[in-house]
Amino acid sequence: MQLDITDRKMGEVALEKSERMYRLITEHAFDVIWVFDVTRRTFTYVSPSVTRLLGYAPEEVVRNSFLSILHPDDARMVHETLRGMVKEFIRLPKREDAWTIEVRHVAKDGSIVWSDATVNFRYTDEGSIEAIGVSRDITAKNADEEKIVHLSYHDQLTGLFNRRYYEEHQHQVISDPAVLPFSMVVCDVNGLKLTNDVFGHQMGDRLLRSCASILAGSIGSDDSAYRIGGDEFILLFPRTDEE
């Protein structure tokens, strides 16, 4: 007796081709693709690109606790965020939007790596909840953003806070009762215009940097110094009386 199994074989070939294609995508993706069993709190799959991101082999990540690759200061946040995501998934299992979370990792060499993870959830055949995520390295992006923020709030010549930062934050500092008694010093640099005219602007810049260095070295860790104009400076002293 012979049976026609052409359709079954065609299906097996198509399935094998599909699995090979997905494996090719995951194993050569630049971002890290991972699957996390929420119930057992373990990774069941991590793509090879995790080695490029964190220095660990996929087997090491799967074998160890997921907390081992998280920055200690972010572990609690990730735990609570993941728990909130799961509750939301149980309430709305057909939600189409993916969840996103930024988190710090500790790489194998001890360096800090920022990643932006996009997460979706699904029920497995056994009824447990599984998280499928894609993590992207945003360390350089965050460093660039921090540099931009630093430049926007600091005077490039002296390194002190600039007028923009002073105007945006002074009210927050002064309005806090915990800073009382509060003192403010307003000062300027004598002879800056004469220095620029006689010796040139490079010498004037040197004078400003020297004065800013003296001011910055004369304040405590809770105090702050600002350059708010060409030769004008302000010092703020929380919990400091007149004397």
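Largest GNM mean-square fluctuation across 118, 195, 100, computed for the chain with C-alpha springs under 10 Å, falls on 195. Between residue 108 and residue 174, the modelled label-to-label distance comes to 5.5 nm, taking each label 7 Å out from Cα in the direction of the beta carbon.
Considering the zone a paramagnetic label at residue 75 would reach in this model (a point 7 Å from Cα along the Cα-to-Cβ line), which residues of region 86-128 have amide N under 17 Å from it? Those under the cut-off are 103-108, 110-113.
GNM remark for the chain: springs join alpha carbons under 10 Å apart, and the peak mean-square fluctuation among 232, 168, 126 falls on 126.
Considering only 72, 181, 58, give the residue with the highest GNM mean-square fluctuation for the chain, with springs between Cα atoms whenever their separation is below 10 Å. Highest fluctuation among the options: 181. Ordered from longest to shortest, the equivalent ellipsoid semi-axes for region 126-203 are 45, 24, 7 Å, each the square root of 5 times a Cα gyration tensor eigenvalue. Normalised by 2.2 N^0.38 Å, where N is the number of residues, the C-alpha radius of gyration of the chain stands at 1.62. The residues neighbouring residue 141, those whose beta-carbon lies less than 14 Å from its own, together hold a net charge of -4 under the Lys/Arg +1, Asp/Glu -1 convention. Once the Cα atoms are used to define both axes, helix 201-216 deviates from the longest principal axis of the chain by about 80 degrees.
To the nearest ten degrees, helix 139-153 and the longest principal axis of the Cα atoms of the chain are 20 degrees apart.
Here the accessible area is traced with a 1.4 Å probe on the protein chains. For the chain, carbon and sulfur cover 54 percent of it.
The values are calculated or read from the model by the stated rules, or taken from the named source; none is laboratory data. In this text, all values refer to a predicted model and were calculated from it rather than measured experimentally. Every residue, glycine among them, receives a Cβ derived from its backbone with ideal geometry; neighbour counts consider all protein chains shown. The protein model used for the area step is the full one, side chains on, heavy atoms only, and it has no ligands, DNA or RNA in it. Shrake-Rupley method; radii C 1.70, N 1.55, O 1.52, S 1.80 Å.
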